[in-house]
Amino acid sequence: MTTVALLGNPNTGKTTIFNSLTDKYAYVGNWTGVTVEKKLGQIKDSAVTLVDLPGVYSLNPLTKDEAIVTSYLLNDHPDLILNVTNAGQLKRNLLLTIEVLELGAPVILNLNMIDDLKRQGKYYDPKVLEEWLGCEVKTTNARSHEGVAALKAELASLKERRQAKPLLLDYPPMVKQAIRQATEALVKDYDMDHDYAQWLSIQYINKNKAVRRFALFRDLTPLRSQEKYYDAQNFEDQIFNTRFAFIEKLLGAASQPIASTSKVEMTSKIDRIVTNPVLGLPIFAGIFFLIFKLSFDWVGTPLSDMLDGFISGPLSTTADQVLTAAGALPVLRSLIVDGLIAGVGGILVFIPQIFVLFACISLLEDSGYMARAALVTDRIMQFIGLNGKSFIPLIIGFGCNVTGIIAARTIEQPKERLITTLISPFMSCSARLPVYSLVVAAFFPKHQALIVLSVYFLGIIVALLVAKGYQLYFGVTDSSVFIVELPQYHLPRFDVIWHGTWDKGKGFVKKAGTVIFAGTVIIWLLASFGPHGFVTNSSHSFAASLGHLLVPFLAPVGITQWQTIAALFTGVLAKEAITSSMMVMFHTSSQAVLISALGQFINPVAAYALLVFILLYAPCFATLGTIKQETGSTKWTIWSLVSSLIIAYGLAWLIYTVGSLFI
């Protein structure tokens, strides 16, 4: 099996190249850290396996995903490294390329996004680059698939490891002497390959943390004994200056001016508006308001109503008639019609709204705006001791808190990473959308988008305030540097938007057939059985007993229905299960009937307090498990659960108490 490792800076289109080469789709975004784990794929009809490594700026790891790359190069030996670069940002990208070429592994340098380079009025001669770097150079434009077929064909024909020589830069004499002495000692004393030993020496002298840990673990005395000398001589700066000077000379020799276009100027003009310190945040809010109008008013809701009419009408009625004609027991008929169809079907009706929302977010990502959103929020994040890099996981958390927490691995500072992990559950994930849609349709039919937007932004505000509290508690004074690449604006492609929408939404559909299915059966059992067995009146069920028991506790926040209280318990399993549980306990598969039933028990103020409580209370089991995994601490996991309940109860009580004074 031949292995090709894809390596490059963030935002070079590396994952898009991976998808095109493997005929598979992986999540594509416009910020650092989309790929936080190693992904594997295979070129069709070949024995070539592709490894999609995380996007990194350097082999000296600052974050968990960068550590994956360095560890891979230290311990694995791919047959070829495909170094994907952004041709329009080649000066910075080549710093990583040099580190890879010094390893002596076979490399193909891929100049991707070649169209962006041409829009800048520039072009680089591949032959000159090949001559200077000693590796093959290929140009592609992954978005339009230009050059991808030729690259794929070449990789597919790869049968064995190519021969390659390491790139040798003209470092200052003292640096070269230190590299030579360390290399010779490693080869002699540890029987290392010369090229590998030379690369280890350069990386060690350059203060690569992962390599220094590797040297400590392997007890590489020739390197460790000279560490203080290397650092005292400031060899790190000398190595960087040499590399940068080489890159400038190389690009000067390879550069070919061509006629420019106006698209670069257009990007600059748009950025002057959307990233403006004053206008940036209002534009950000306005864009999301438009998204929620599309999801809850103009497109999503009408489609959901049509689907609801089918599930609660023909589907439910036909199933009941078939079961009755077949002589099914009342218990079985109740389970299928009142349990599964009402519960799971009650969740599926919200698929149009959720997919419209995800389609809009995918459009923003593919256009290049999401990177600007992180930049716009950087100033606010700095106020609470974080930066725009922490806002990226929070944005991802709008889809799922689990993936948002995992994305926090890209944050360098441990305390910043912990704070981001702990506040991520306050982001309103897509699992909460069904119950939002239900409540706003019942109590705020004319202002659905505005109410949902307010809940989303309330979650952000709470997260920021809690983060400020953690900053003071941990004594965080210095935040990590936030570097984000602003890609050129692109006209979104339908296939990318569709794949991005499906990638985000398929988890919701999958949950409907697994977790929500199981939760629906459990809540049906609790709502259909009581101390005396099967009951036709759910007010005599175990679920009613549990709900009535907690009514005194939740009454101060306006939640007095036992059905709603019992449904909140299933929300810890999965937030989508709240709606399906309410469908089961009200014995209906119709969204309209459930909306009518809710309107009889609570008023709009209590309804908004309920939305806030659902937004903030206990994270689902999957999120709690991820917090435990990422923090390695049971204490912080329990604290996340307890603090969320306290904050949710306190804020819901405040809203209900103050709001009740005006109605």
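The values are calculated or read from the model by the stated rules, or taken from the named source; none is laboratory data. Keep in mind the model is a prediction, meaning the values are calculated, not measured. So basically every Cβ, Gly included, is an ideal-geometry build from the backbone, and we count neighbours across all protein chains shown. With ligands, DNA and RNA removed, areas are computed over all heavy atoms of the protein, side chains included. Shrake-Rupley method; radii C 1.70, N 1.55, O 1.52, S 1.80 Å.
Accessible surface for segment 493-616, divided over its residues, is 39 Å² per residue with a 1.4 Å probe.
If you roll a 1.4 Å probe over segment 329-475 with all protein chains in place, what percent of the accessible area is carbon or sulfur? Numbers along the way, then the final one.
Numbers: 3020 of 4150 Å².
C and S fraction of accessible area: 73 percent.
How would segment 79-138 be classified by its alpha-carbon gyration tensor: rounded, prolate or oblate, with rounded meaning a/c under 1.5 and the a/b versus b/c comparison settling the rest? Note, shape of segment 79-138 comes out prolate. At the residue level, HIS548 shows approximately 100 square angstrom of accessible surface with a 1.4 angstrom probe and all protein chains present. Of all lysines in the structure, the ones whose alpha carbon falls short of 28 Å from that of LYS575, not counting any fewer than 8 places away in one chain, are LYS293, LYS389, LYS446, LYS468, LYS504, LYS506, LYS510, LYS511, LYS628, LYS635.
Look at the dipole of the chain built from charges on Cβ: of VAL572, GLY147, PHE553, the Cα furthest out on the positive end belongs to PHE553.
Between LEU465 and ASN241, the simple label model (points 7 Å from Cα in the Cβ direction) yields a spacing of 5.2 nm.
Quick check for you: with a 1.4 Å probe and neighbouring chains kept, what is the accessible area per residue of segment 354-441, in Å²? Can you show the working numbers first?
Numbers: 1770 Å² over 88 residues.
Value returned for segment 354-441: 20 Å² of accessible area per residue.
Placing a pseudo-label 7 Å from each Cα along the Cα-to-Cβ vector at SER46 and LYS249 gives an inter-label distance of 3.5 nm.
Relative to the current alpha-carbon distance between HIS145 and GLN382, full extension at 0.36 nm per residue lengthens the span by 81.4 nm.
Working note: Karplus 6.51/-1.76/1.60 with θ = phi - 60° gives segment 75-86 the couplings 10, 10, 9, x, 6, 7, 10, 9, 8, 8, 10, 8 Hz, where Gly and Pro are set to x.
Looking at LEU303, LEU290, PHE350, which one has the Cα that reaches farthest to the positive end of the dipole of segment 214-364 (charges on Cβ: Lys, Arg +1; Asp, Glu -1)? Among LEU303, LEU290, PHE350, the one farthest towards the positive end of the dipole of segment 214-364 is LEU290.
From the protein chains alone at 1.4 Å, what is the descending order of accessible area for GLU576, GLU160, largest first? Don't skip to the end; give the middle numbers.
On the way: GLU576 5, GLU160 135 Å².
These residues rank, largest area first, as GLU160, GLU576.
Using the crude model of +1 on Lys and Arg Cβ and -1 on Asp and Glu Cβ, and no other charge, please compute the dipole size for the chain relative to its Cα centre, in debye to 20.
Working: 53 positive and 49 negative charges, 132 e Å.
For the chain, the charge dipole is close to 640 debye.
Give me the distance between the Cα centres of segment 317-345 and segment 220-286, rounded to whole Å. Centre-to-centre (Cα) distance: 63 Å.
Estimated at 0.36 nm per residue, the fully extended path between SER225 and LYS159 surpasses their Cα-Cα distance by 19.6 nm. Dipole orientation for segment 164-278: of the candidates LEU216, MET174, ALA185, LEU216 has the Cα lying most toward the positive pole (charges on Cβ; Lys, Arg +1; Asp, Glu -1). Per-residue packing, averaged as other Cβ atoms within 10 Å, sorts the ranges 414-422, 220-228 into the order 414-422, 220-228, beginning with the highest.
If the chain between SER58 and GLN256 were fully stretched, how many nm would it gain, using 0.36 nm times the residue separation less the Cα-Cα distance?
Working: separation 198, 0.36 × 198 = 71.28 nm, distance 2.74 nm.
Residue separation times 0.36 nm, minus the Cα-Cα distance, leaves 68.5 nm.
Under a 5 Å amide H cut-off, with hydrogens placed 1.01 Å from N, ASN110 pairs with ASN83, VAL84, THR85, LYS138 among residues at least 5 apart or on other chains.
Can you give me the % of accessible surface on segment 513-663 that is carbon or sulfur? Probe 1.4 Å, all protein chains present, nothing else counted.
On the way: 4590 of 6200 Å².
Ligands and nucleic acids excluded, carbon and sulfur give 74 percent.
DSSP beta bridges confined to the chain are antiparallel in about 30 percent of cases. Where the centre of each part is set by its Cα atoms, how far does segment 420-495 sit from segment 584-663, in angstrom? That distance is 16 Å.
In order along segment 87-95, the Karplus-derived 3J(HN,Hα) couplings, from 6.51 cos²θ - 1.76 cosθ + 1.60 at θ = phi - 60°, round to 4, x, 10, 5, 4, 6, 4, 5, 4 Hz, and Gly and Pro are given as x. With contacts taken as Cα pairs under 8 Å at a separation of at least 6 residues, the chain carries a relative contact order of 12 percent. Give the shape of segment 504-663 as rounded, prolate or oblate, defined through the alpha-carbon gyration tensor: a ≥ b ≥ c are the square roots of its eigenvalues, a/c under 1.5 means rounded, and otherwise the shape is prolate if a/b is larger than b/c and oblate if not. Taking the square roots of the gyration eigenvalues as a ≥ b ≥ c, segment 504-663 is oblate.
By the gyration tensor of its Cα atoms, with a ≥ b ≥ c the square roots of the eigenvalues, what is the shape of segment 450-586: rounded for a/c under 1.5, prolate for a/b over b/c, or oblate? Don't skip to the end; give the middle numbers.
Values: a/c = 3.08, a/b = 1.60, b/c = 1.92.
It is oblate, given that a/c is not under 1.5 and a/b is not larger than b/c.
For GLN42, the residues 5 or more places off, or on other chains, whose built amide H falls under 5 Å of its own are LEU50. So if R0 is 45 Å, what FRET efficiency would ALA232 and GLN629 give, r being the distance between their Cβ atoms, rounded to the nearest 0.05? Using R0 = 45 Å, I get an efficiency of 0.65.
Calculated mean residue ellipticity at 222 nm for the chain: -19000 deg cm²/dmol, from DSSP H runs with n ≥ 4 weighted as -39500 (n - 2.57), summed, divided by the residue count and rounded to 500. Shown are CYS400, CYS135, whose ranking by accessible area with a 1.4 Å probe and every protein chain present, most to least, is CYS400, CYS135.
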